[in-house]
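Participant: Supplied in structure tokens, the structure appears directly below.
Throughout, read-outs are computed from the coordinates displayed, never taken from laboratory work. Everything numeric here is computed off the predicted structure, so don't read it as measured data. Because the Cβ atoms are built from the backbone with ideal geometry, glycine has one as well, and the counts that use them run over all protein chains shown.
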Amino acid sequence: MGHPPSSFVVDAGKAYAEAVEKYSGGELSIKVYAMSLLNMAETSAGLRDGIADIGFVLTPYFPSEFPHTNLLSESSMLLRLYGDRIEGKEGLAYIGAMSEFIFNHCVECNREFAEQNQVYTGHTGGSSYGLVCRTPVKSLDDLKGKRMRVGAGNWSRWVEEVGGTGITMSANEMNEALGQGVVDCIVLAAPEIHNFGLTENITDITMEVPGGIFTTAGTNVNAEIWRSLTEDQRRAMLHAATVEAAQIPFVYHEKEAEVLDELRERGVNFHQAESKLIELTQTFIEKDMNTIAQHYSEQYGVERGKEMLAEFKPILDKWVDLVQDIDSVDTLADLYWTEVFSKVDVSSHGL
């Protein structure tokens with residue numbers, strides 16, 4: 001895992017490791033390497049080459065390797081269109097929908113993983129994205145010319161739409177870039193401020209825009225390792241994957257208010273986005289669904305992007321309803337297991 005040892009993501013990775021041992025009846029054990037064995041940019045190739053057996057693969061970091069998967073990831077700003085109905089549970093719904101779609105409806109996604117010598121065992125992700133900055137940004141005028149670190153193409157396109165410049169860099173480099181003024185803002189979920197130790201370099205926050213969440217394959221397994229397991233062991237790995245898949249979005253949403261309150265106490269300025277900026281963002285999201293499909297067709301040869309998004313939307317609608325009453329990590333993990341992961345055919349998946 002490329003995240004720092006103190007991050008909420010690594011906590012979830014450790015919970016996953018414990019769950020693997022539990023569900024395999026002690027037959028399997030996992031050692032978690034936090035920001036040591038492979039960094040975020042190295043994880044996919046390292047997993048492919050067998051340096052690691054399991055990797056937290058940040059699929060948006062590898063646009064040419066995982067275009068079908070990333071097309072769906074880049075559609076997460078759709079969540080803003082559900083309004084208050086999903087506020088505070090965006091990640092819970094989107095992760096369920098992504099996992100269900102990739103397991104059951106995206107042969108191309110699974111082929112992408114196979115080409116990297118990896119087996120997909122579920123998605124995960126965090127809470128809604130806002131603007132974490134060293135300068136006030138609450139209007140279109142404020143955003144004009146600003147340099148903003150972005151973690152995926154949808155946010156890069158939004159930054160361009162509002163007059164800024166999107167900068168791509170590894171999350172491991174964010175703190176230094178913000179501190180040295182290389183970027184004015186980072187488009188980020190609030191808990192990542194804690195995860196990457198950004199507190200000292202932040203002066204201003206605006207959380208209403210742009211929205212969307214970062215999603216990624218949480219526990220990809222090296223294909224040779226996967227094939228070496230028995231069917232019961234594969235099932236145990238999938239069951240354990242629901243623990244990490246659930247813990248990350250649930251804890252991110254839970255910790256968001258805590259992190260933001262801590263920043264308020266430190267004197268960080270909080271801003272409300274002006275109505276014109278919010279309206280432009282909503283319009284952008286609706287328009288961007290067509291842009292995403294066209295972009296992935298032209299750049300990466302994704303032939304059925306519009307069809308994929310059309311198939312994905314009702315699945316997301318379903319998951320928005322399913323997570324309404326979720327109140328704990330355990331109930332969310334159980335929901336993921338019952339609805340999706342338990343139905344994966346371990347005699348054929350990844351083989």
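Participant: Would you order 317, 142 from fewest to most other beta-carbon atoms within 10 Å of each residue's own beta-carbon?
Facilitator: If I rank by nearby Cβ atoms, fewest first, I get 317, 142.
Participant: Further question: In nanometres, what is the gap between the two model label sites at residue 224 and residue 338, each 7 Å from Cα along Cα-to-Cβ?
Facilitator: Result for the modelled spin labels: 4.0 nm.
Participant: Anyone know which of 160, 244, 90 comes out most mobile in the 10 Å Cα GNM of the chain?
Facilitator: Of 160, 244, 90, the most mobile in the Gaussian network model is 160.
Participant: When the chain is treated as a GNM, springs tying every alpha-carbon pair under 10 Å, which of 189, 257, 245 comes out with the largest mean-square fluctuation?
Facilitator: Of 189, 257, 245, the Gaussian network model singles out 257 as fluctuating most.
Participant: Another question about this same structure. Would you work out which of 206, 182, 236 lies farthest towards the positive end of the dipole of region 176-281, given +1 charges on the beta-carbon of Lys and Arg and -1 on that of Asp and Glu, about the Cα centre?
Facilitator: Of the candidates, 236 comes out farthest on the positive side.
Participant: Kindly put 115, 265 in sequence by how many other C-beta atoms sit within 10 Å of each C-beta, fewest to most. Walk me through the numbers before you get to the answer.
Facilitator: Details: 115 12, 265 8.
In increasing order of surrounding Cβ atoms, one gets 265, 115.
Participant: How much length would be gained if the chain were fully extended between residue 35 and residue 349, taking 0.36 nm per residue of separation minus their Cα-Cα distance, in nm to one decimal?
Facilitator: So the chain would gain 110.1 nm between residue 35 and residue 349.
Participant: Could you work out the per residue convex hull volume over the alpha carbons of region 235-351, in cubic angstrom?
Facilitator: 190 Å³
Participant: How are the Cα pair distances of region 27-180 distributed, in percent, across 5 Å bins from 0?
Facilitator: Reading upward from the zero bin: 1, 8, 15, 17, 19, 17, 12, 7, 3, 1, 0, 0.
Participant: Is any residue of region 212-238 close enough, with backbone N under 16 Å, to a label point placed 7 angstrom from the Cα of residue 21 along the Cα-Cβ axis, and if so, which?
Facilitator: It comes to 237, nothing else.
Participant: Using a Förster distance of 25 Å, how high is the FRET efficiency between residue 262 and residue 169, based on the Cβ-Cβ distance and rounded to 0.05?
Facilitator: According to the calculation, E is roughly 0.50.
Participant: Oh, and also: Run the helix sum for the chain: -39,500 (n - 2.57) per DSSP H stretch of 4+ residues, divided by residue count, reported at 222 nm to the nearest 500 deg cm²/dmol. Walk me through the numbers before you get to the answer.
Facilitator: Numbers: 14 runs with 174 residues, N = 351.
Per the formula, -15500 deg cm²/dmol.
Participant: Quick check of the Kirkwood formula: for the chain, what is the inverse mean of 1/r over all pairs of different Cα atoms, in Å?
Facilitator: Value: 20.2 Å, from the Cα pair sum.
Participant: What ranking of 124, 168 emerges when the number of other C-beta atoms within 10 Å of each C-beta is taken as an exposure proxy, fewest first? Walk me through the numbers before you get to the answer.
Facilitator: On the way: 124 28, 168 13.
Ascending Cβ contact count within 10 Å gives the list 168, 124.
Participant: Now, a different point. Hey, got the dipole for region 210-351? About the Cα centre, +1 on K and R Cβ, -1 on D and E Cβ, debye to the nearest 20?
Facilitator: Value, rounded to 20: 440 debye.
Participant: Continuing with the same structure: PRE reach from residue 311 (point 7 Å along Cα→Cβ): which of region 70-99 fall under 13 Å by backbone N?
Facilitator: From region 70-99, the list is 72.
Participant: Packing-wise, with mean Cβ within 10 Å as the measure, how do 325-334, 247-256, 22-31 rank, highest first?
Facilitator: Going by the mean number of other Cβ atoms within 10 Å, highest first, we get 247-256, 325-334, 22-31.
Participant: Expressed as a rounded percentage, what relative contact order does the chain have, with Cα pairs under 8 Å and six or more residues apart?
Facilitator: Reported relative contact order: 26 percent.
Participant: I need the Kirkwood Rh of region 236-291: take the reciprocal of the average 1/r across all distinct C-alpha pairs and report it in angstrom.
Facilitator: Radius from the Kirkwood sum: 14.9 Å.
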